[in-house]
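Below: the structure, in C-alpha cells.
The values are calculated or read from the model by the stated rules, or taken from the named source; none is laboratory data. In this text the structure is predicted, and so the values were computed from the model without any measurement. Glycine gets a Cβ as well: all are built from the backbone with ideal geometry, and neighbour counts include every protein chain shown. To get the accessible areas, we keep the full protein, side chains included, count just its heavy atoms, and leave off ligands, DNA and RNA. Shrake-Rupley method; radii C 1.70, N 1.55, O 1.52, S 1.80 Å.
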Amino acid sequence: MSTTQQQPGGISRRTLIKSSAIGGLALAAGSVSLPFGIRPVAAAVGDAVSGSEDSIVWGACSVNCGSRCALRLHVRNDEVWRVETDNTGEDIYGNHQVRACLRGRSIRRRMNHPERLNYPMKRVGKRGEGKFERISWQEALDTIAGQLKKTVEQYGNESVYINYSSGIVGGNITRSSPYASLVARLMNCYGGFLSHYGTYSTAQISCAMPYTYGSNDGNSTSDIENSKLVVMFGNNPAETRMSGGGITYYLEQARERSNARMIVIDPRYTDTAAGREDEWLPIRPGTDAALVAGLAWVLINEDLVDQPFLDKYCVGYDEKTLPAGAPANGHYKAWILGQGDDGIAKTPQWASQITGIPVDKIITLAREIGSAKPAYICQGWGPQRQANGEQTARAIAMLPILTGNVGIHGGNSGARESTYTITIERMPVLENPVKTSISCFSWTDAITRGPEMTAIRDGVRGKEKLDVPIKFIWNYAGNTLINQHSDINRTHDILQDDSQCETIVVIENFMTSSAKYADILLPDLMTVEQEDIIPNDYAGNMGYLIFIQPATTAKFERRPIYWIMSEVAKRLGPDIHQRFTEGRSQRQWLEHLYAKMRARDPELPEFEALRAMGIYKRRDPNGHFVAYRDFRRDPDAHPLKTPSGKIEIYSQRLAEIAASWELAPDDVISPLPVYASGFESWDAPQRGRWPLQMFGFHYKARTHSTYGNIDVLQAACRQEVWLNPIDASKRGIANGDRVRVFNERGEVRVAAKVTPRIMPGVTAMGQGAWHQADMSGDRIDTGACMNTLTTHRPSPLAKGNPQHSNLVEIEKI
Ligand SMILES: Nc1nc2c(c(=O)[nH]1)N[C@H]1C(S)=C(S)[C@@H](COP(=O)(O)OP(=O)(O)OC[C@H]3O[C@@H](n4cnc5c(=O)[nH]c(N)nc54)[C@H](O)[C@@H]3O)O[C@H]1N2
Ligand SMILES: Nc1nc2c(c(=O)[nH]1)N[C@H]1C(S)=C(S)[C@@H](COP(=O)(O)OP(=O)(O)OC[C@H]3O[C@@H](n4cnc5c(=O)[nH]c(N)nc54)[C@H](O)[C@@H]3O)O[C@H]1N2
Ligand code: SF4
Ligand SMILES: [Mo]
C-alpha cells in the first residue's frame, strides 16, 4: 500500500503519482475507473509536482472564519514544507496584502497531519465508538448509493437531510454549505432533500432584522473613516475576522483616519478592545435589549432622537406612525416611557439592575450616542446566539434608528458589516424538488419526532408539518453532527440508535467527533489539494479572487468531492450521472463558470492569467458600502423590503406570528423590539442551582473545531474557562487550577483562567474544542467542548441555536 507521506525525500514524481492517486485506487477499488472527464488529480497538476527544488503554489485557507486568506505553499518532493502568505503589491491599505493568520500559516500541519483520513471506511462498532474497518471505494460508493435508493423508496426524499456544515465556505466547486454544495446538487438530481433555513452563525439576527429593515445589511467597516463614534455590541473582529483581508484590519485603519471613539459592550474584555478601546462596558449576557431601552429613555427625555427621521422613514415609533391594527399605546415610545402594556418606564435605573451597567454610564453613553454624528453602531453575532437573540438583534438596531444614523456614510444600521465582492459564479446546485425545510438547528428533533413537527410550533416551512423523520444524513465537511451542535450527550443518544436515523455518511479529513458517528466515512482531499477559484469573504471595500492550485498529488486514497459525488451519481443511474456532471470535469466546470464571470465582468483577467497571478484584487468602485443608502435618499423610489416599505419598529407581521404560533410561556415574540429575558438567562429560576451564565466565544485557536488538532495552536492559545476573581475566590479556584464545569446536561474539565477580563457572574470559554469523553462510561468531556453544556431547546422565532445561553456551576477538582 502506498505510504507516500512517510517517504523520504528524493523520490521521483512518477513514483509518487503511481503509488498514491492512481495506484491506490486501482489496488483498493479494483474495477472502479475514473469517470468521464475527470482526470486523476495528480495528472492535472502542473507546476506543483516537482523534484527536490521548491515550487510555490497558490492556495487559500477556505475555512469558515469570515476572512479568506491567500497562501503560498512551498512544495518540495510533493510535500508542502513551508507556508507563506500573500506577498504581492505594495501593501497599501485598500490594495493591501491578504495575509493569513496563525491558523492559515499552520495549514501544512493539517495537510500533513499523521491522523488524516486516508481510506474509505465502514463502521464496525456502535455509532460514536469510533470503530471502523477499511473498505474499498467500490464498496463504500455501492453502499451509499444502495442505502440512498432504499431510503428514498421507503420514506421519500423528505427523509434525506444534508446537515449544516461550514468546513469549506471558501470553496466554489468544493463549497460545503448545504444549500450550495455538490451534495445538494446530487440530491437535487435525485428528487431532492429536506433542506434547512438559517445558519448556526446568524439564525436569530437573519430571521429578526428583516422584520425591521427587510434585510440584514450593514455599512462596510471601511466606512468608519467617516464616523465620529464606534459602538460595538458583542463584536470581536480581532478574533473573528483576523486576517489582512478581514475586518479587524479595516477597523484599525479606518479608525486611524477618523479618530473615532470606540465603545465595546461585551461581558468580556475582548482582543478587539485590548487597549484600543476608549471604553469597555461589561454587560450581562442576553440583556443588551434592556440597555438599549435605558438608552432610549434618555434619548427621548433629553430630546436627542431624530424626530424627522422617525416620522419620515419609520413605522411605529410613536402614535403618528403606529399601524392601524396595532393596540393603542402599542408604539415604541409608549413602551419606553412606561405607557405601554407593562406600565414600566425603562429608566436607566431599570436598565442598570438588569444589565449590571451603572446608571451614570448609561446616561453618559446615551448622550454620546445622541450627539456624535455620524455614529457607527453595530453588533457581532454573540448577542443574537441566545435564547432571546431575535429581540436583542432588533433592539440594538433601535439606536441608529432613533438617532437617524441609518443609510448615511459613517453611520450603520446596527447590523454587522457588509462587504464588497467581485463577481462570482457559483457551482449551480439546481432546484430542490422538495419544498419543505426545517431550521438548521432542529434536525435532532426531526430524527426523534419528525412527523410531530409543525409549522406553528416547530417552524417547519413549506408545509403544515413534516411527514417523515430524517432517515439519511449527508455530512460533508462539517462537525455539527456532534461537536458543533448543542447538547452532545443527548445528540449521542439520538444518533447511536441506528433504528432512528438509519444511514449517516461523513466526508472528512479527520476522525472528528462527528466522523465517529458515520456508517460510511470517506476521506476527502483538502481544498488546497485541488483546483478552484474563490472570492473573498468579509473584506471591507477590497474584493479579491484567489485561484487555488493543487499543492500536491492526492495521497493514499483521498478523493475530491466532485469525483465522489459523480461516482455516487453514476450508481443512481446514467441519467442522474449526466445531469450531475453535464459531461464536465472539475477543470471544465471551473473554466465554464469563469467564462460566465468574465462575460458579466470583462475586466477580470483571463483564466490562465488569473492562474498565474494567484490573487486578483479590486477596490469597491463605489467607495464604501452604505446599507439602505438609496432608501435614505429617496424612500418612495427605493422602499425597503418590509410590508410598509419603511423601517418597521412595530412589525404587524410579528404581531400576527406572536398571536398564532404555539409558544412556551417563556418564549417571547413581540411586534416591538422589547427586552424579554428568555430561558437560561440571568434571572431564570434555575440560577439558584446553576449560578453562572456561560457562553462560548469564537476563539483564535481554531475556526470552530477546524485546526483544533494542531499542536502549536493548542500550545499558543490554550483551552481554558474564563472566571472573574470574585467568582474564583468564592470557589477557592486559582488561576490555572483544573475545574469541572457542569450543569444537568453534562460536564467538562478544563483549566481555569482567572481574570478581570470577564465580569462577575459570567463565565466563558472558546467554543469548538474537540469533544473527548468515554461515552459508554462517565461522559466527562476532557476536551472541554462547549456543547457538552448547551441545550437543544430552540429560540422562539428563528428556532435557532441559543448556544450562548447557558447556566452552569464550576468547582475546583
Ligand atoms: N456552543 C457553540 N456551538 C457552536 C457555536 C458557538 O458559538 N457556540 N458556533 C456555531 C457556528 S456560528 C457555526 S458556523 C458552527 C460551525 O460548525 P461546523 O460547520 O461544523 O464547523 P467546523 O467545526 O469547523 O467543522 C468543519 C469540519 O470540516 C472539516 N473540513 C475542513 N476542510 C475540509 C475539507 O477540505 N474537506 C472535508 N471533507 N472536510 C473538511 C473539518 O475537519 C471539520 O471537521 O458551529 C456552531 N456551534
Ligand atoms: N478565530 C475564529 N474566527 C471566527 C470563528 C472561529 O471559530 N474562530 N468563527 C466564524 C464564524 S462561523 C462566525 S458565525 C463568527 C462568529 O462571530 P460572533 O458570533 O460575533 O462571535 P462570538 O465570539 O460568538 O461573539 C462575539 C462577542 O460577543 C460577546 N457576547 C456574547 N454574548 C453576548 C451578549 O449577550 N451581549 C454582548 N454585548 N456581547 C456578548 C462575546 O464575548 C464575544 O466577544 O466568527 C467567525 N470567525
Ligand atoms: S483562519 Fe481565517 S483569517 Fe486565518 S488564515 Fe484562514 S481564512 Fe485567514
Ligand atoms: Mo458561524
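See the values below:
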read-out: By average C-beta atoms within 10 angstrom, highest first, the peptides 301-310, 532-541; value: 532-541, 301-310
read-out: Which of K799, K700 is most accessible, then next, and so on - probe 1.4 Å; value: K700, K799
read-out: Solvent accessible area, Å² - K570, 1.4 Å probe, full protein context; value: 80
read-out: Size of electric dipole in the range 494-534: Cβ of Lys, Arg +1 and of Asp, Glu -1, about Cα centre, debye, nearest 20; value: 160
read-out: Dipole magnitude of the chain about its Cα centre (Cβ charges: Lys, Arg +1; Asp, Glu -1), debye to nearest 20; value: 1400
read-out: Cut-off under 5 Å, modelled amide H: who pairs with I168 long-range; value: S176, S177
read-out: Probe 1.4 Å, accessible area per residue of the chain, Å²; value: 33
read-out: The chain: calculated mean residue ellipticity at 222 nm from DSSP helix runs of at least 4, using -39500 (n - 2.57); value: -7500 deg cm²/dmol
read-out: Environment charge at N95 (Cβ cut-off 10 Å; Lys +1, Arg +1, Asp -1, Glu -1); value: +1
read-out: Protection proxy ranking of 138-151, 800-813 - average other beta-carbon atoms within 10 Å, highest first; value: 800-813, 138-151
read-out: Taking only Cα atoms of the chain, radius of gyration then Dmax in Å; value: 26.4, 82
read-out: Farthest positive-ward along the chain dipole, Cα basis, beta-carbon charges - from G540, G218, T503; value: T503
read-out: Exposure rank, largest accessible area first [D666, D778; 1.4 Å]; value: D778, D666
read-out: Estimated distance in nm for a label pair at D778 and R619, the labels positioned 7 Å out from Cα along Cα-to-Cβ; value: 6.0
read-out: Prolate/oblate/rounded label for the range 760-813 (Cα gyration tensor, a/c 1.5); value: oblate
read-out: M398 accessible area, assembled protein chains, probe 1.4 Å, Å²; value: 0
read-out: Local electrostatic count at S729 - Lys and Arg +1, Asp and Glu -1, tallied over other residues with Cβ under 13 Å; value: +1
read-out: Solvent-accessible area of H409 with every protein chain in place, 1.4 Å probe, in Å² to the nearest 10; value: 80
read-out: Label point at L430 placed 7 Å out along Cα→Cβ; residues across the range 578-597 whose backbone nitrogen lies under 12 Å; value: 578-583
read-out: Options T240, F472, H331, ranked by Cα towards positive dipole end of the chain, top entry (Cβ charges); value: F472
read-out: Exposure rank, largest accessible area first [T240, T552; 1.4 Å]; value: T240, T552
read-out: Solvent-accessible area, 1.4 Å probe, carbon plus sulfur percent, for the range 685-812; value: 50
read-out: Global geometry of the range 548-605, whether rounded, prolate or oblate, following the gyration tensor of its Cα atoms and the 1.5 cut on a/c; value: oblate
read-out: Eligible lysines near K753 by straight Cα distance, threshold 22 Å, same-chain separation 8 or greater; value: K700, K730, K812
read-out: Antiparallel content of DSSP bridges confined to the chain, in %, to 5; value: 55
read-out: Relative contact order (%) - the chain, alpha-carbon pairs under 8 angstrom, separation at least six; value: 19
read-out: For the range 399-473, diffusion coefficient by Stokes-Einstein and Kirkwood Rh (Cα), 4 °C, 1.567 mPa s, µm²/s; value: 80
read-out: Percent RCO, i.e. relative contact order, over the range 685-812, from Cα pairs under 8 Å lying at least 6 residues apart; value: 34
read-out: Cβ crowding within 10 Å averaged over residues, with 383-392, 84-93 ranked highest first; value: 383-392, 84-93
read-out: Descending semi-axes in whole angstrom, ellipsoid equivalent of the range 685-812, from the Cα gyration tensor; value: 20, 20, 15
read-out: Among F441, G146, H74 the positive-end extreme of the charge dipole of the chain (Cβ point charges); value: H74
